[in-house]
Amino acid sequence: MTKRIPDEAFTFYMGLGPDRSYQKVADRFDVSKRAVSKRAQADDWAGRAEKIQAESRARQDAGIVDAFDEMNQRHLKVLKVIQGKALEALRTLPLERATDAVKALELVMKQERIARGDPDEGNETVEQLIKREYERWLVASDGTESDR
C-alpha cells in the first residue's frame, strides 16, 4: 500500500521558506520526490506559492506605507509644538533677540512641507538639513569656523 501525500503537505512546503524543496516534503511525509512533484503539479503549488508571496509583499508594503504615514504625523505634531514655542518667542522677545525664533519657524515650515510631500522643497533629506544646520551653528563668535 502506497502512502498518500496529506493535504497539509503544501502548508509544510510553504513553511520551509526560501529553502523549500520537494525533497524535503518527500522526506517529511515519507513519500517519493516524484510523488510530491506530481501532487505539486496537479495542485499548482508553484502558482499558489507565487500568489501567496505576492500577497505577502503587498501586505508588507501596505504596512510600510502605514508606518511612514504614522511617522509623518508624529513629526508634524512635534513641528507644531516647536512652531508654537517659536511664535510665542516672537511675541515676547525684542526684535533683535528674535532671530533664533525666526530660524526655528523657517525650519518648521520647511520640514512641514517636506513631511507633507511638497515637491517644491527639493530633494534634501532631514539628515542633510540637520547636518547643514549643525555645520552652520558651529561657527565661532568671531565668524570663523570652530574646530570640530
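Worth a mention:
- Cβ-Cβ under 8 Å pairs, at least 6 apart or on other chains, region 48-70 side closer than 16 Å to Thr11 by Cβ, far side among the aromatic types (Phe, Trp, Tyr) and assigned to a helix (DSSP H, G or I): Arg48/Phe10; Ala49/Tyr13
- Selection within region 8-31 - part of a loop (DSSP other than H, G, I, E, B) and either of a type in the set (Val, Ile, Thr) or under 14 Å from Gln41 (Cα atoms) (or both): Ser21, Val31
- Of all the listed residues (Lys51, Lys80, Lys24), the sole one being under 30 Å from Arg132 (Cα atoms) and under 36 Å from the mean Cα position of the chain (by Cα) is Lys80.
- Criterion (over 30 Å from Gln111 (Cβ atoms) and surrounded by 10 or more Cβ atoms within 10 Å (Cβ to Cβ)) met by exactly one of Lys80, Lys85, Lys38: Lys38
Laboratory data are not the source of any read-out in this text; all were calculated from the coordinates shown. Just so it is clear, the model here is predicted, and its values are computed rather than measured. Here the Cβ is made from the backbone with ideal geometry for all residues, glycine too, and neighbour counts use every protein chain on show.
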